[in-house]
Amino acid sequence: MKGLAVGASYRWPLAREQGFSLLEVLVAFAILSISLGVLLQTFATGLRNAGASEEYTQATLYAESILTAIGREAPLQVGHHAGPINDRFSWRSAISAYTEGLPDPEKIRARVYRVEVEVYWGDSTRTRTVKLETLRLVPLEPATGRGN
């Protein structure tokens, strides 16, 4: 045989192994399982956040509805009020006179009230809330019985 040195090893083309070793396959599966774990955790967090977002949206709609009803469907009375909305949500409100930076109510012929509505839900370990507030103008009744 020409060109072969004595003692040199020669590999036959069919003797070469093509493929992955067991260690390479195990490393590939480990990387795949870690990647899938992170992906599933991200997906679960996204679903949890979507559920919380839906609750906040629903609570905001309830709060807006109650805020709109105060002074229109329900009387505008100074004080605190509360009640259940359904088996999951409840509400409370606080109505107070607002005079900060305003002229005398007789001059503007109106009273200003601060209306706060808070919708809350959750269990004893974690309560979530949505709070909205606004100012309401209520016209004063015209004065009667003026003596001239």
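The values are calculated or read from the model by the stated rules, or taken from the named source; none is laboratory data. Given the structure is predicted, the values throughout are model-derived calculations rather than measurements. For neighbour counting, all protein chains shown are included, and Cβ atoms are generated from backbone atoms with ideal geometry for every residue, glycine included. For the accessible areas, the whole protein counts, side chains as well, though only heavy atoms, and no ligand, DNA or RNA atoms are used. Shrake-Rupley method; radii C 1.70, N 1.55, O 1.52, S 1.80 Å.
If you go through the range 61-95 and keep only what is within 20 Å of VAL130 (Cβ to Cβ), part of a strand (DSSP E or B) and open to solvent by less than 90 Å² (accessible area, probe 1.4 Å), you end up with ILE70, ALA74, HIS81, ALA82, GLY83, PHE89, SER90, TRP91, SER93, ALA94, ILE95.
Taking each residue of the range 83-109 that is over 13 Å from ILE70 (Cα atoms) and looking for partners that are of a type in the set (A, V, I, L, M, F, W, C) and in a loop (DSSP other than H, G, I, E, B) with beta-carbon atoms closer than 8 Å, six or more apart or interchain, yields ALA97/VAL78; PRO105/LEU140; GLU106/LEU140; ILE108/LEU102; ARG109/LEU140.
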